[in-house]
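The values are calculated or read from the model by the stated rules, or taken from the named source; none is laboratory data. Since the model is a prediction, treat every value here as computed from it, not as a measurement. A quick note on method: Cβ atoms are made from the backbone with ideal geometry, for glycine too, and the neighbour counts reach across all protein chains shown.
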Amino acid sequence: MRIVVVSNRLPFVIVPAPDGGWVVEPGSGGLVTALRPVLENRHGCWIGWTGATNEEVPRAGEILANPENRFGFELVPVTLTASERDDFYFGFSNEILWPLFHDQPSVCRFEPRFWLAYEAVNRMFAETTAARVGPDDFIWVHDYHLMAMAGKLRAMGVRSRIAFFLHIPFPPLDMFVKLPWRFHLLRALIEYDLIGFQTARDRRNFFQCVRALLRGARILSQGPVATVHLHDRHIRVGVFPISIDFSEFARRASEEQAMAKARNLRADEPDRKIVLGVDRLDYTKGIPEKLNAFRSMLRRFPDLKGRVTLIQVVVPSREEIPGYLEQKTTIERLVSEINGEFTRSGWVPIHYIYRGLDAMRLPAYYLAADVALVTPLKDGMNLVAKEYCACRVDEQGSLVLSEFAGAAAQLQHGAFLVNPFDVEGVAGALGRACQLPSEEQRSRMRRLRKAVRDYDIYRWMDAFLEAAIAKDLSDFPKNHEAIPEVVFS
Ligand code: F6P
């Protein structure tokens with residue numbers, strides 16, 4: 001069985017070379033780490049967009065086909081024009097699906113032309129894929145940009161097995177029905193053979209939509225993988241919380257270089273607790289709410305003034321969309337207000353970094369942080385929370401985590417779970433986490449690390465592939481226990 005992975009972005013980017021040409025470099029993300037061995041061993045391929053338009057990089061296909069740019073499996077680019085990028089990627093994907101699926105309908109721009117572009121680009125991805133697959137191949141489509149692909153592939157006569165994994169949350173019925181194309185999109189999803197969600201909550205929301213909107217659909221629950229029956233179709237639907245390469249993060253955090261850098265970061269904040277936030281610039285990440293909670297903590301616990309520093313890393317993202325730039329302005333205004341209110345000689349309460357941290361620096365920041373403050377308003381999973389735990393090879397540090405991050409289901413027993421909208425509640429939890437005795441940090445961190453180690457990215461991939469391929473679901477998969485739901489307390 002050959003695997004064909006399809007995602008909006010390829011795991012590699014094409015960047016200008018100093019000689020005026022182009023070079024191919026690995027992009028960010030752990031997905032490729034897990035899939036790479038499978039793709040290499042099975043002569044698989046990865047189909048996706050390069051992130052640049054035809055106008056910007058006119059010969060992406062040739063560049064990726066160049067033997068110098070071989071990565072052990074075939075990379076097939078889908079090219080978008082500037083207007084396709086605007087209407088499909090920025091428009092339907094990121095100004096409709098993204099906000100709606102993160103419970104923020106007021107941010108949506110329900111432009112009819114965005115839907116047309118979504119359909120057209122999904123068809124284009126399907127054409128590129130159909131030209132490369134045989135009946136025995138397995139097609140694995142990723143994320144909200146490509147929910148309509150399976151139907152197009154079927155219409156083109158593709159008979160292969162087609163599976164889909166949604167990396168972001170699936171919204172509840174009341175939210176989903178606001179989508180003007182709700183029936184089209186739900187029927188399109190039902191064309192897949194397997195649909196994977198991050199959490200039990202997302203799958204429950206999906207079932208609620210299926211029951212309400214698809215007449216005749218029946219849901220049979222058989223544990224971790226259930227089936228939806230509709231007319232002659234049987235669709236498997238499972239819960240597979242995505243993860244990270246635990247050992248690789250732990251290894252990087254154990255290197256002398258990372259440890260030395262962590263010591264330097266700590267030395268810059270003598271006798272202070274370091275609280276760390278690492279978030280992509282996005283209104284779903286709750287960064288302003290987090291800053292307000294930090295301010296409230298400093299007001300409520302005056303003893304902590306001068307004794308806690310927040311390092312907030314914001315990774316630039318989707319700045320072409322107006323809401324993202326507004327978010328940046330709001331964050332920067334709050335950072336300067338809070339620093340203006342509390343800074344004193346020798347202490348600046350918030351260190352604000354507006355750029356990504358590379359693979360060497362990130363583990364050092366995790367190691368230096370007494371507390372990781374991860375408080376998205378809603379998040380499919382949130383891998384920062386898992387990376388922090390994997391990097392704490394010293395079993396120290398505390399995690400303050402939003403109840404609405406997918407990761408909360410697996411990490412609820414070691415983390416301080418908070419409601420990110422409850423500024424006072426977050427301030428209180430942060431205050432407690434900052435003052436947690438070392439022994440309690442250790443026992444919580446052991447539980448957290450075990451949860452991440454036991455269900456790492458490889459286990460995630462195996463579980464998904466097994467659910468896709470297993471003939472009989474009754475014994476699926478032998479050691480795949482049900483993923484718990486968050487308990488609100
Ligand atoms: O979380 C969903 C996601 O699409 C990730 O796959 C990706 O890393 C991130 O958002 C950033 O997305 P974009 O491709 O829009 O930069």
Query - Checking ILE244 against (1) under 24 Å from ASN122 (Cα atoms); (2) within 16 Å of the ligand (Cβ to nearest atom), the condition it does not meet - result: (1)
Requested in this report: State which residue is nearest to the ligand (Cβ to nearest atom) when the search covers only the range 255-293 and only residues that are assigned to a helix (DSSP H, G or I) and among the polar types (S, T, N, Q).
Outcome: ASN292
**Report entry** Check on LEU399, outside any helix (DSSP H, G or I), under 17 Å from VAL313 (Cα atoms) and of a type in the set (A, V, I, L, M)
**Finding:** yes
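Can you pull out the residues in the range 460-489 that are modelled with pLDDT of 70 or more, surrounded by 10 or more Cβ atoms within 10 Å (Cβ to Cβ) and not in a helix (DSSP H, G or I)? Before you say what the answer is, go through the steps one by one.
Applying the first criterion (modelled with pLDDT of 70 or more) to the range 460-489 yields 460-473, 482-489.
Still in the running and surrounded by 10 or more Cβ atoms within 10 Å (Cβ to Cβ): 460-470, 473, 483-487.
Scanning the range 460-489 gives ALA470, ILE483, PRO484, GLU485, VAL486, VAL487.
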Query raised in the report: Taking the range 113-132 on its own, how many of its residues are hydrophobic (A, V, I, L, M, F, W, C) and surrounded by fewer than 21 Cβ atoms within 10 Å (Cβ to Cβ)?
Result: 5
Query raised in the report: Does the range 365-372 contain any residue that is surrounded by fewer than 21 Cβ atoms within 10 Å (Cβ to Cβ) and assigned to a loop (DSSP other than H, G, I, E, B)?
Result: no
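Go through the range 377-396 and report how many residues are assigned to a loop (DSSP other than H, G, I, E, B), away from the ligand (no atom under 16 Å from the Cβ) and of a type in the set (A, V, I, L, M, F, W, C). Explain how you work it out, then say what you get.
Initial filter on the range 377-396 (assigned to a loop (DSSP other than H, G, I, E, B)): 377-378, 380-382, 392-396.
From what's left, away from the ligand (no atom under 16 Å from the Cβ): 392-396.
Remaining after also requiring of a type in the set (A, V, I, L, M, F, W, C): 393.
So the count comes out to 1.
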Query - Check on TYR144, within 16 Å of the ligand (Cβ to nearest atom), of a type in the set (Ser, Thr, Tyr), touching a residue at least 40 places away in the same chain (Cβ under 8 Å) and over 21 Å from PRO241 (Cα atoms) - result: no
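Is it fair to say PHE342 is surrounded by 15 or more Cβ atoms within 10 Å (Cβ to Cβ) and farther than 27 Å from GLU403 by Cβ? Break it down stepwise before answering.
Values: surrounded by 15 or more Cβ atoms within 10 Å (Cβ to Cβ): yes; farther than 27 Å from GLU403 by Cβ: yes.
Against the criterion (surrounded by 15 or more Cβ atoms within 10 Å (Cβ to Cβ) and farther than 27 Å from GLU403 by Cβ), PHE342 qualifies.
In the range 24-57, which residues are part of a loop (DSSP other than H, G, I, E, B) and within 14 Å of the ligand (Cβ to nearest atom)? So that I can check it myself, show each step before the final result.
First, pick out the residues of the range 24-57 that are part of a loop (DSSP other than H, G, I, E, B): 27-30, 42-44, 54-57.
Passing the criteria: GLY27, SER28, GLY29, GLY30.
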**Report entry** Subset tally (residues that are surrounded by 15 or more Cβ atoms within 10 Å (Cβ to Cβ), assigned to a helix (DSSP H, G or I) and of a type in the set (Phe, Trp, Tyr)) for the range 154-190
**Finding:** 1
Report summary line: Residues in the range 412-440 that are in contact with a strand residue (DSSP E or B) (Cβ under 6 Å, 6 or more places away or on another chain) and assigned to a helix (DSSP H, G or I) total 6
Requested in this report: Please go through the range 1-23 and pick out each residue that is out of contact with any helix residue (DSSP H, G or I) (no Cβ under 7 Å at 6 or more places or on another chain), closer than 23 Å to PHE240 by Cα, within 15 Å of the ligand (Cβ to nearest atom) and not aliphatic (A, V, I, L, M).
Outcome: SER7, ARG9
Report summary line: Pairs returned, first residue in the range 207-236 that is free of Cβ contacts under 8 Å to residues at least 12 places away in the same chain, second residue that is exposed (fewer than 14 other Cβ atoms within 10 Å of the Cβ) and not in a helix (DSSP H, G or I), beta-carbon separation under 8 angstrom, 6 or more apart or interchain, are LEU220/HIS229
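Please go through the range 328-358 and pick out each residue that is in contact with a helix residue (DSSP H, G or I) (Cβ under 7 Å, 6 or more places away or on another chain) and more than 26 Å from ARG300 (Cβ to Cβ). Please lay out each step first, then the result.
Filtering the range 328-358 for residues in contact with a helix residue (DSSP H, G or I) (Cβ under 7 Å, 6 or more places away or on another chain) gives 330-331, 334-335, 338, 342, 348-350, 352, 357.
Residue satisfying the conditions is LEU357 alone.
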Report summary line: Reported set for the range 388-409 where residues are surrounded by fewer than 24 Cβ atoms within 10 Å (Cβ to Cβ) and touching a helix residue (DSSP H, G or I) at 6+ places or on another chain (Cβ under 6 Å) is VAL393, GLU395, GLN396
Requested in this report: Just one of (1) free of Cβ contacts under 8 Å to residues at least 60 places away in the same chain; (2) outside any helix (DSSP H, G or I); (3) more than 30 Å from PHE206 (Cβ to Cβ); (4) away from the ligand (no atom under 16 Å from the Cβ) trips up THR329, so point out which.
Outcome: (2)
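Whether any residue in the range 93-100 is assigned to a loop (DSSP other than H, G, I, E, B), surrounded by 15 or more Cβ atoms within 10 Å (Cβ to Cβ) and in contact (Cβ under 8 Å) with a residue 12 or more places away in the chain is what I want to check. Please lay out each step first, then the result.
Step one: filter the range 93-100 for residues assigned to a loop (DSSP other than H, G, I, E, B), giving none.
Looking through the range 93-100, none of the residues is assigned to a loop (DSSP other than H, G, I, E, B), surrounded by 15 or more Cβ atoms within 10 Å (Cβ to Cβ) and in contact (Cβ under 8 Å) with a residue 12 or more places away in the chain.
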Report summary line: Given the conditions (1) surrounded by 18 or more Cβ atoms within 10 Å (Cβ to Cβ); (2) within 16 Å of the ligand (Cβ to nearest atom); (3) not in a helix (DSSP H, G or I), every one holds for THR309 apart from (2)
Report task. Might you let me know whether the range 79-89 holds any residue that is within 15 Å of the ligand (Cβ to nearest atom) and assigned to a strand (DSSP E or B)? Result -> yes
Query raised in the report: Residues in the range 5-16: is at least one crowded, with 18+ Cβ neighbours inside 10 Å, of a type outside the set (A, V, I, L, M) and touching a Lys or Arg at 6+ places or on another chain (Cβ under 6 Å)?
Result: no
Report summary line: If we keep only residues of the range 101-131 that are within 16 Å of the ligand (Cβ to nearest atom) and assigned to a helix (DSSP H, G or I), then the residue farthest from PRO171 (Cα to Cα) is PHE125
Report task. Scan the range 58-71 and give yes if some residue there is at negative phi and within 16 Å of the ligand (Cβ to nearest atom), otherwise no. Result -> no
Query raised in the report: In the set SER296, SER317, which member is of a type in the set (S, T, N, Q), within 16 Å of the ligand (Cβ to nearest atom) and either part of a loop (DSSP other than H, G, I, E, B) or in contact with a helix residue (DSSP H, G or I) (Cβ under 6 Å, 6 or more places away or on another chain) (or both)?
Result: SER317
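Which is touching an Asp or Glu at 6+ places or on another chain (Cβ under 6 Å) and of a type in the set (A, V, I, L, M), of ALA359, ALA405, ALA368? Spell out the reasoning first.
On the way: ALA359 fails: touching an Asp or Glu at 6+ places or on another chain (Cβ under 6 Å); ALA368 fails: touching an Asp or Glu at 6+ places or on another chain (Cβ under 6 Å).
The conditions single out ALA405.
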